[in-house]
Amino acid sequence: MRTVLMLCSVLLLAPGARADSRAAAPSFDARYARMARAEALFLEDLFALTRGMAQENRLAASWLLSGGAKGLPFDDYTERAAALLDEMERLETPPRIHELSERVADAFRAQGGFLADWAAARAEGQPFESQLTSEFGYHAGLHRSQRSLFQAYERALALFPDEDESTRHALQAELRALDLLWRGR
């Protein structure tokens, strides 16, 4: 139940309040990265898409939590999420960071699966809690998503050990923005 309340509080924040709270979080900036220029530019584009993905997730969750009173209807979410994933797949991924990119895409797909299960349960009149498992305390898609984002960050640290503290912090903040379960929001 604690996880349900935490997730609901994270997802119910007003979009404006969320944007303001994220303003303090660093954004990845290719100009300051020490990595290869092509990799830095790719990550900049990737993170622009992850910010869009995070926004779509919040809007769909708001719609689900409010019973359709606010947010983005789930059918619209599905269409917009697919467009973002297509755009991500069209990016020219430098070979060295392909795995990192795949982990981010996997996280977003897993979150979409969670939201789809939630929408289906809602359509059948089931409560949000019906989507949670006793094994993990939350939906397996959320667990998989968070694990994929952690793996993406670990991969980034392994690939770019010479990055300074602010770039490492920005990489972490960009990935956390997509994590529905991160408590530091």
Seminar exercise, completed: Order by accessible surface, 1.4 Å probe, largest leading, for residues Arg58, Arg31, Arg122 comes to Arg31, Arg122, Arg58
Exercise. If we sort 105-112, 63-70 on the protection proxy, mean other Cβ atoms within 10 Å, highest first, what's the order?
Worked result: 105-112, 63-70
Exercise. How much accessible surface does Glu56 have with a 1.4 Å probe, in Å² rounded to 10?
Worked result: 20
For this session: Working with all protein chains in place, sort Leu180, Leu91 by solvent-accessible area computed with a 1.4 Å probe, largest first.
Result: Leu91, Leu180
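Can you give me the Rg/Rh ratio for segment 26-185, using Cα atoms for both radii and the Kirkwood formula for Rh? All intermediate terms of the calculation are to be shown ahead of the outcome.
Working: Rg = 16.4 Å, Rh = 16.4 Å.
A ratio of 1.00.
The values are calculated or read from the model by the stated rules, or taken from the named source; none is laboratory data. Every value quoted in this text rests on a predicted model; they were computed, and no experiment measured them. Glycine gets a Cβ as well: all are built from the backbone with ideal geometry, and neighbour counts include every protein chain shown. Protein only, heavy atoms only, side chains kept; ligands, DNA and RNA dropped before computing areas. Shrake-Rupley method; radii C 1.70, N 1.55, O 1.52, S 1.80 Å.
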